[in-house]
1. Which order do you get for Lys262, Lys215, Lys67, Lys28 if you rank them by accessible area with a 1.4 Å probe, largest at the top?
2. I need the phi-derived Karplus couplings for the stretch 276-284: 6.51 cos²θ - 1.76 cosθ + 1.60, θ = phi - 60°, integer Hz, Gly and Pro marked x.
3. Which order do Asp30, Asp122 take when ranked by solvent-accessible area (1.4 Å probe, heavy atoms of all protein chains), largest first?
4. How would Met65, Met126 rank on accessible area, largest to smallest, probe 1.4 Å?
5. Tell me, what is the percent relative contact order of the stretch 190-286, built from C-alpha pairs under 8 Å that lie six or more residues apart?
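The values are calculated or read from the model by the stated rules, or taken from the named source; none is laboratory data. None of these values were measured; they are calculated from a predicted model. Quick note on the areas: whole protein, heavy atoms, side chains included, nothing else; ligands and nucleic acids left out. Shrake-Rupley method; radii C 1.70, N 1.55, O 1.52, S 1.80 Å.
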Amino acid sequence: MHLTLILSDAHFLLLDVIETDQENELWKDDATWILTSSFVILTMQSGFGLLEIGASSAGNEVNTMLKNVADVLFGGLAFYLFGYGIAFGTPSNSFMGYGDFVPTGRHSGEFDDDNENHGIVDTGVMYSQYLFQLSFAATSCTIVSGCIAMRMKFIAYCIFSFFAVIAYAFVAHWVFAPDGWLSVRGFLDFAGASAVHLLGATNGLIAILFVGPRKGRFDEDNSRHNKFEESSPTSMLFGLLMLWWGWIGFNCGSTFGIADEKWMVAARAGVNTINASIGGGILAFF
């Protein structure tokens with residue numbers, strides 16, 4: 001009888017180990033997909049910078065590119081200290097999260113009674129998701145750097161990029177967190193159309209209302225100034241290509257994984273993204 005119980009316990013223990021290993025393999029695939037997408041999205045900062053310097057007049061290249069660097073530096077600091085906790089920290093309410101500030105994850109050997117699969121796996125999942133969400137936050141900032149190219153002091157922009165990411169974190173929680181007040185009402189934002197792009201565009205609109213148009217861009221009657229020339233159409237096109245491929249990673253990576261059936265959603269997102277750009281590009285050529 002004792003032998004039967006021992007064998008039965010060993011059987012269930014073996015099943016638990018197999019199930020845990022299978023789950024870990026799925027998390028490995030998802031984490032690899034998320035990390036790869038994060039690298040692609042962060043590379044888009046270069047595309048934004050090239051597009052912005054090409055559309056500005058000569059002499060503003062370094063200032064404009066440094067602002068894209070500041071998005072990652074100061075925006076990244078804000079996201080690490082406050083942003084991730086506000087957006088995705090636990091515990092949380094419908095307005096914000098108020099835990100996981102300065103996220104460190106969990107280390108091997110830290111378990112609880114409810115879920116024994118913490119430790120290294122949970123830490124890896126948190127870190128991969130953190131990097132992906134950081135890339136979203138940086139993108140929401142860099143939209144503004146293009147809106148105010150040539151006409152904002154660098155120090156002022158560094159301060160802005162820090163606080164802009166904190167503002168983004170609140171909106172990200174409302175939209176992406178399971179208990180966000182928009183999320184619980186059925187609001188769906190697959191790839192940041194509202195939380196990233198609409199927020200960045202709104203910030204950019206407010207900024208340009210304060211700083212006005214680029215010098216020499218318009219006459220006093222708001223007609224286009226004939227003497228204004230973009231510094232480098234080649235840089236603009238190079239930036240276009242980098243952003244073009246980056247958007248595929250941006251949208252496909254928004255499945256937050258590749259395991260189970262998520263890879264099919266990612267494939268659909270990729271085809272939809274490239275077809276939409278083809279249609280828009282052909283129309284622009286005409």
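1. On the way: Lys262 60, Lys215 180, Lys67 5, Lys28 115 Å².
Greatest to least solvent exposure: Lys215, Lys28, Lys262, Lys67.
2. Here the 3J(HN,Hα) series is 5, 5, 5, x, x, x, 5, 4, 5 Hz.
3. Values: Asp30 10, Asp122 40 Å².
The ordering from most to least exposed comes out as Asp122, Asp30.
4. Working: Met65 70, Met126 30 Å².
Greatest to least solvent exposure: Met65, Met126.
5. Values: 39 pairs, mean separation 21.8, N = 97.
Reported as a whole number, the value is 22 percent.
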